Every structure is written in C-alpha cells, then in structure tokens.
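Read the structure below first, then the notes.
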Amino acid sequence: MRLLKEIQNLMGNYHLKSGVYHYYRNEYAQAVDFLRKALKDDGLSASDLRNVRYYLTLSLLESAQRLHAKGEHDEAVEQLRRAAEVSPTYPDIPFRLGQSLEELHRRDAAAAEYRKAIACNPRYLEAHVALAFCLLRQDRRAEALDAFRQALAVKQERTVLPFERATGLLEAGETERATEQFQEALLALPEVAHECLKKALDWLKAEEHDRALGELDRALERNPRYPDLHNFRGVVLCELDRIDEAIEAFRLSATQSPGYLVPRLNSAFALVRLGEYRKAETELESILEIEPGEPAATAKLEELRSGRLPERRRPATRGSTR
C-alpha cells in the first residue's frame with residue numbers, strides 16, 4: 001500500500017527516504033543500495049522497518065521485471081530470489097520466480113516455486129493453474145491432474161462461497177451488501193484487476209493522474225473488495241486535489257483491511273489537507289494507540305497540537321465517489 005508524499009517525507013530514517021526517492025525515479029540499483037543500508041539500522045521503528053521491506057521488495061521486483069524484458073533471465077531470477085529473502089511470505093514472488101524459471105526450462109525448480117506460492121496463499125488460483133500446466137509439460141500426468149483438480153476447487157470456492165453469502169444477504173434484505181457479493185462471485189476478475197493496477201502504477205509514477213484513476217476505476221469494477229485498489233485510488237485523488245473523494249477511498253480501504261495502518265495514516269493526512277484538524281488529530285491518536293512512536297503520525301500530531309497548522313486547501317469536487 002502506498003503512502004502520500006507528505007508522509008514519505010516524514011519517515012524517520014534517512015536511508016529509507018533516499019531509497020523511496022530513487023524507487024519513484026525508477027533508479028532501482030540506488031534504491032536497493034539505500035534500503036539495504038536502512039535494513040541494517042537497529043533503531044528503525046516498526047513502521048519504518050515495514051516500509052523498508054515494502055520498498056526493497058518492490059525495487060527488487062521491478063528490477064527483475066526490467067531485466068526480464070531485456071532478456072536477462074538469469075539476472076532476473078537472482079533479483080527475485082533476493083526479493084524472496086526480504087519478503088518470504090509474499091506469494092507473488094515465488095509465482096513470478098516460477099514463471100521465470102519455466103522460461104529457462106528449469107521446470108522442476110519452477111514447480112517448487114509455484115508450490116511455495118500456494119503455501120503462502122492456498123487460494124492463489126493462478127499459482128495452482130501454473131503448477132498444473134508446469135507438471136503437464138513434464139509429462140507428470142497424475143500430478144498434473146491432481147493440480148488441475150485443486151485449481152478447479154479453488155475456482156469453485158471463489159464463486160460458490162460469495163454467491164451463497166450474497167443469497168443470504170439478499171434474503172435478509174441487505175441489497176447493497178448482497179450486490180457486492182454477487183459482483184465478487186460472478187464478475188470479479190483478479191488477473192484483469194492486477195493488470196489494471198500495474199498500468200495505474202505506471203501512470204502514477206509518470207504523474208499522469210487522470211489516466212491512473214481511469215485504470216483504478218476499471219480495476220475496481222472487477223474487484224470492488226480489493227483494499228489496495230481503494231488506497232491507491234485515494235492517493236491518486238489526493239494528487240488531483242479531490243480530497244473528499246480521497247478520504248472516502250481511504251475509508252473503504254481501511255474498512256476492508258483493518259490490520260493495515262497505511263490507509264488510516266493516509267486518511268489522517270488527507271483530513272489535514274482538508275483543514276479538518278480535529279478529525280485528523282483523532283485519527284492520528286488512534287494510529288498511535290495501535291503503533292506507538294509511528295514517526296509520521298507522531299510528527300504530524302505534534303505539529304497540530306503546537307498550533308502550527310498548515311494552510312487549509314480547497315478541494316476540487318469533480319466526479320463522484322465510488
């Protein structure tokens with residue numbers, strides 16, 4: 001999940017801030033260098049440590065993607081292995097590593113990576129399908145058939161469970177919640193949503209915010225319950241100075257991912273932009289109850305309590321909230 005720019009500037013570690021700066025300039029080698037230095041700092045707050053691992057993982061993943069596009073597959077595999085060391089429970093890493101290894105015709109190793117992805121996320125349909133086809137290419141037909149059956153079970157679960165929940169909600173008269181569940185059961189296309197998100201992030205890096213918003217809206221049509229999408233949408237709306245809409249997007253993200261502080265932190269800083277200082281203070285206080293000493297929340301709360309209030313910004317009101 002991405003933080004607003006003003007929050008990134010309040011990160012407590014110099015090497016972390018430098019790494020984030022180079023990451024957003026697509027300077028991945030420099031980003032990795034700074035972020036590895038930050039990782040060696042024993043004094044990192046829990047929040048900064050989480051951000052170091054997040055941005056280091058992204059830097060290595062995008063570096064691997066760039067190497068892959070250049071045909072440097074062995075180097076891409078090495079970057080992915082480094083990313084796996086930083087974030088061993090992130091299922092997309094072994095999934096991408098499996099794809100790269102298959103291109104190198106190292107199918108035994110690829111199958112092992114797909115299994116790691118499934119171990120991290122047993123409902124990772126794409127990994128189940130990739131494993132099944134990988135085994136089939138090796139003529140391991142019995143294993144492949146078992147993998148295809150597991151993939152089918154996951155696909156059915158993705159459809160049947162939300163459909164049954166939707167049916168119950170509809171019978172109880174909760175039409176709005178039922179609609180969301182029917183969308184998840186019958187319209188959700190995670191692979192399309194991921195592709196839209198990738199395009200949106202590319203546009204966001206290029207500061208083409210209207211185009212980024214369009215891709216995020218397309219992604220949310222397919223996966224309305226994906227909290228990262230709502231958070232990124234809030235970030236883009238802030239860049240477009242549509243602050244009221246951004247706060248609503250952050251709220252949706254926080255509701256769908258109560259264990260993550262990023263959308264709540266973004267919401268607090270968006271409230272400051274809007275001039276809603278009392279609401280911002282309340283949100284920052286609640287964040288610090290969960291994670292005492294969070295650098296950005298601490299710094300902004302001290303600023304608000306000191307009376308050094310930032311200039312109130314008038315939000316744009318174009319468009320409508322999702």
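The values are calculated or read from the model by the stated rules, or taken from the named source; none is laboratory data. Quick caveat: nothing in here was measured; it's all calculated off a predicted structure. Glycine also receives a Cβ, built like all others from the backbone with ideal geometry; neighbour counts cover every protein chain displayed.
Brief remarks on what is shown
- Test result for THR159, among the β-branched types (Val, Ile, Thr) and free of Cβ contacts under 8 Å to residues at least 12 places away in the same chain: no
- Residue check, ALA185 in contact with a helix residue (DSSP H, G or I) (Cβ under 7 Å, 6 or more places away or on another chain) and part of a helix (DSSP H, G or I): yes
Yes/no per residue for (1) part of a helix (DSSP H, G or I); (2) at pLDDT below 95:
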residue	(1), (2)
SER267	yes, no
LEU271	yes, no
ALA280	yes, no
LEU284	yes, no
GLU289	yes, yes
THR298	yes, yes
GLU303	yes, yes
GLU311	no, yes
ARG314	no, yes
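- Checklist (1) at pLDDT 95 or above; (2) assigned to a helix (DSSP H, G or I); (3) surrounded by fewer than 19 Cβ atoms within 10 Å (Cβ to Cβ) applied to GLU62, failing item: (1)
Rundown of residues vs (1) of a type in the set (Gly, Ala, Ser); (2) in contact (Cβ under 8 Å) with a residue 24 or more places away in the chain, yes/no style:
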{"residue": "PRO94", "(1), (2)": "no, yes"}
{"residue": "ALA117", "(1), (2)": "yes, yes"}
{"residue": "ASN121", "(1), (2)": "no, yes"}
{"residue": "ALA130", "(1), (2)": "yes, yes"}
{"residue": "ALA142", "(1), (2)": "yes, no"}
{"residue": "ASP146", "(1), (2)": "no, no"}
{"residue": "LEU152", "(1), (2)": "no, no"}
{"residue": "ALA185", "(1), (2)": "yes, yes"}
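- Filtered residues of the stretch 31-59 (kept if farther than 25 Å from PRO292 by Cα and in contact with a Leu (Cβ under 7 Å, 6 or more places away or on another chain)): VAL32, SER59
- Among residues of the stretch 1-30 that are under 17 Å from ASP41 (Cβ atoms) and touching a residue at least 60 places away in the same chain (Cβ under 8 Å), those with a Cβ under 9 angstrom from a residue that is part of a helix (DSSP H, G or I) and of a type in the set (Asp, Glu), sequence gap 6+ or separate chain, pair up as MET11/ASP48; GLY12/ASP48.
- Yes/no for SER100 being assigned to a helix (DSSP H, G or I) and either under 21 Å from TYR24 (Cβ atoms) or charged (D, E, K, R) (or both): no
- Restricting GLU102, GLU126 to those that are crowded, with 16+ Cβ neighbours inside 10 Å, of a type outside the set (Ser, Thr, Tyr), within 26 Å of the chain's Cα centre (by Cα) and over 30 Å from ARG50 (Cβ atoms) reduces the list to GLU102.
- Subset of the stretch 68-85 (residues that are in a helix (DSSP H, G or I) and either charged (D, E, K, R) or closer than 15 Å to VAL32 by Cα (or both)): ASP74, GLU75, ALA76, GLU78, GLN79, LEU80, ARG81, ARG82, ALA83, ALA84, GLU85
- Selected residue (criterion: farthest from GLN150 (Cα to Cα)) from residues of the stretch 103-117 that are of a type in the set (D, E, K, R) and at pLDDT 95 or above: ARG106
- Qualifying residues in the stretch 209-241 (those that are modelled with pLDDT of 95 or more and not in a helix (DSSP H, G or I)) - the one surrounded by the most Cβ atoms within 10 Å (Cβ to Cβ): LEU240
- Exclusive hit being assigned by TED's automatic domain parsing to the domain that holds TYR260 and of a type in the set (Phe, Trp, Tyr), set PHE182, PHE232: PHE232
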